[in-house]
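Values in this text are rule-based calculations from the coordinates and carry no lab data. Small disclaimer: the values here were computed from a predicted structure and weren't measured. Note that we place each Cβ from the backbone using ideal geometry, even for glycine, and neighbour counts take in every protein chain shown.
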Amino acid sequence: MLKLAPPVWTLIFILLCVALSWLLHWPVVPGLPLPALGLALVGLAFIPPVLAFLLFRSEDTEINPVSPTNRKLVTRGPYRFTRNPMYLGLVTLALGIAIWIGAWPMFMAPVAVFATVNWVHIPFEEAKMRRQFGTAYDDYVGRVRRWL
């Protein structure tokens, strides 16, 4: 699963849920869709990852999570609030699309994105960061939550 990047998995999960929703004739959750809320979440979903991307560029460190090493442990910007702002953005994006569309199969996408990054990608990255940055990373983990 590490061979495909989390944004690719997010797209796959969303497309699979769209296909399932279509096959089931778009079974709507009562009270949904909420297009304004869904679109707001989709828009907000881009803020943490874009800020993180720009911060990584300004710090001159790798953005690729499967790179062998990282030049720097980044703990400022959105990383003061969450250790995974890029993944938080992906989960929020999938949730926003689900709320916007309102079909219950779409809600499997944010769950699948969360499960994939939380139990596959993040443990791999945390182990790499712990090996590379040792106690500095452990101190960071003690201060900042994995998600929010």
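Here are a few things to note about the model shown:
- The translational diffusion coefficient of the range 76-146, from Stokes-Einstein at 25 °C and 0.890 mPa s with a Kirkwood hydrodynamic radius over alpha carbon pairs, comes to 184 µm²/s.
- By the count of other C-beta atoms within 10 Å, a proxy for reagent exposure, 124, 56 are ordered fewest to most as 124, 56.
- Separation between Cα centres of the range 1-69 and the range 76-127, rounded to whole Å: 7 Å
- Per-residue Cβ neighbour counts within 10 Å put 128, 72 in the sequence 72, 128, beginning with the fewest.
- Computed over the chain, the per-residue total of -39500 (n - 2.57) for DSSP H runs of n ≥ 4 gives a 222 nm mean residue ellipticity of -19500 deg cm²/dmol, rounded to 500.
- Relative to the dominant Cα principal axis of the chain, helix 122-143 is inclined by about 60°.
- Note on residue 124 and residue 60: the model spin-label points, each 7 Å out from Cα along the C-beta direction, lie 2.8 nm apart.
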